[in-house]
Structures are given as C-alpha cells and as structure tokens.
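The values are calculated or read from the model by the stated rules, or taken from the named source; none is laboratory data. Because the structure is a prediction, the values reported are computed rather than measured. Cβ atoms come from the backbone with ideal geometry, glycine included; neighbour counts cover every protein chain shown. To get the accessible areas, we keep the full protein, side chains included, count just its heavy atoms, and leave off ligands, DNA and RNA. Shrake-Rupley method; radii C 1.70, N 1.55, O 1.52, S 1.80 Å.
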Amino acid sequence: MPGTRFTDIRRFDSVDSTNRYLLEEARAGADDGVVAVAEHQSAGRGRLGRRWEAPAGSNLLLSVLLRPPLPADQRYLASAVVALAATDAVGAVLSIELGIKWPNDLLASDGRKLAGVLAEADAVAPEPSGGLGPPIVVGIGLNVNWPASDADLPADLVGVATSLQQQMGRSVDRGEVFEALLLALEPRVGALGTVSGRTGQVQDFRARCTTIGHPVRVELADSWFEGTALDVSPEGHLVVEVDDGQRSVVAGDVVHVRRPS
Ligand code: BT5
C-alpha cells in the first residue's frame, strides 16, 4: 500500500493460518509491516484454541507483523489499533458504525459479531534493534460477504455472527475494505511510538468500546462473575463494578448481558 509501511503484502489462495505464517516469518527476522492475506484458511484460529470460520473467497482474513516500540504494559495497543483501523475502514467505505466489544470483537449495531482480532507474540523471535519492539502478529477476520444470511451459518453462530453484506443488503468489495484498513492502520501504528500518540489510541479505544457502561458476565478460566463494565484502563484491563467494589479483568471472555426491560 503506497504511503504506508505495508508494502510487502503476501497473498495466499490457501494457508493454514495467516497468524501462524507471520509468526514464523517474525522468527526468521521479517520486517515490521509485512502483511499476509488469504482467500482461505484451513486452520484459522481464534483465542484459546478456538476456530475462526470463513468459506473460501468471501471474507477478509489477514495478519500484520508489527514491531511497535510499546512499553510492556501497553502491548494490548497493538491489537487495539487493528480493531480501531477496521472500524475506521468500515465507516469510511460503508458509513456503518461498529462497536468494539472488549477485548477484541467488532460488533454490528444489532450486537452480532462482524470481526475478531487475535494478537500473538513470539517469545523466541530475535530482539530487533533501532528503537523497534519485539514482534507482535495481529490477525483480523472480518466477515465481508459471509454469511449472506443466517441460513449460511452453522447452528452455533446463528444470532452470533453477521457480515457487512448482511448489514448492507448487498455484496461488498473486499479489496476496498482491505485498502481502507491498511490506510487507517498506518497513522495509528505510527502513533504508538509516542506517549501522546498512545494516549490518543487509548482514548479512541475507550470511545468505541461498547462494553463500557454495559452489564457484563465475565468468564474466567474456572469461575465467572457479573457486574457493570466501567472503563478500560491504560493497560487495557476491563474495570468492572461489582457488588463489593471493582474488579480488573486482564484476560477473559465477556458476555454483554441484556439490561432487564
Ligand atoms: C477471535 O477469537 O475472534 C479472533 C479471530 C481472529 C481470526 C483471524 S483470521 C486471520 C488471522 N489468522 C488466524 O488464524 N486468525 C486470525 P475468539 O474471540 O476466540 O472468537 C472465536 C469464536 O468466534 C469461535 O469460537 C466462534 O464462536 C466465533 N466465530 C468463529 N468464526 C466466526 C465468524 N466468521 N464470525 C463470527 N464469529 C465467529
């Protein structure tokens, strides 16, 4: 993409996972800004070993290799800027406003999931020099033209997943969304290099995070609790108000609970 760091774009008809591919490239020393984009993934992955579903040739499946100079306690911003850039892109191309569900989902206004973001770091990749940080691979699966309708979905995703096509009532040009995403991502990644830039990204993330203010159920490894999400901290933790005070959630699954009507 001219004018951005994303000049090395590797396109695959099929790959197991664009994240897996770029993590291996990072280990071999690949540069900041390499992009992998696939028509199909045979083992597309979500968080915690879950799968990401997308039939061939219908959605955006891409990963970027970033080496942002982030303080260790703000590494979450690498995935936040990708989520933000995707909302920018969808807003610019289609004038649809998406919300970000903490920590990494993009939701349509009906609450269904349009995209998921997966950031993975590689502990064994060589430390870069020249002011760059260790590599982070951030992948995003964005449902562009699948599902066209709920009839396309496996039973467990009905009412859960939607697509830009379903939201717009017409098919959507994947290339246009892809280009808009990389164009929007460039200044956001650039901003990660300064304190004021990072503050701006934290503010944007909070402003678009629809989890804030919402009643939530937080599912942890072996327990759960309910409360109202109050804020996202500068380190990316979700702050939840519970009966006896506040709890800060570093990692977990959050369900937006409906308000009693
Ligand atoms: C995510 O995980 O939402 C992160 C997904 C990241 C996928 C991209 S695609 C390019 C790159 N390469 C990869 O291998 N991965 C990244 P999580 O929050 O764990 O959500 C996974 C769950 O979302 C699944 O268990 C399903 O319930 C649901 N799901 C699967 N496919 C979906 C889809 N296309 N649309 C909406 N929900 C889906």
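Structure data summary
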| read-out | value |
| --- | --- |
| Neighbour count of at most 15 Cβ within 10 Å plus DSSP loop: longest trypsin sites (Lys or Arg not before Pro)-free window in the chain | 51-169 |
| Column: log10 I(q)/I(0), Debye, Cα scatterers of the range 21-160, q = 0.19 Å⁻¹ | -1.16 |
| FRET efficiency estimate (nearest 0.05) - Cβ-Cβ, Ser14 to Arg206, R0 45 angstrom | 0.75 |
| Dipole magnitude (debye, nearest 20) for the chain, charges at Cβ of Lys, Arg, Asp, Glu | 180 |
| Per residue, in Å², the accessible surface of the chain once ligands and nucleic acids are set aside, probe 1.4 Å | 45 |
| Rg(Cα) / (2.2 N^0.38 Å) computed for the chain, rounded to two decimals | 0.98 |
| In the range 43-120, GluC sites (Glu not before Pro) in a DSSP loop with at most 16 other beta-carbon atoms within 10 Å | Glu97 |
| Distance between modelled label sites at His40 and Asp253, nm, 7 Å Cα→Cβ extension | 2.8 |
| Estimated distance in nm for a label pair at Ala148 and Ser95, the labels positioned 7 Å out from Cα along Cα-to-Cβ | 2.5 |
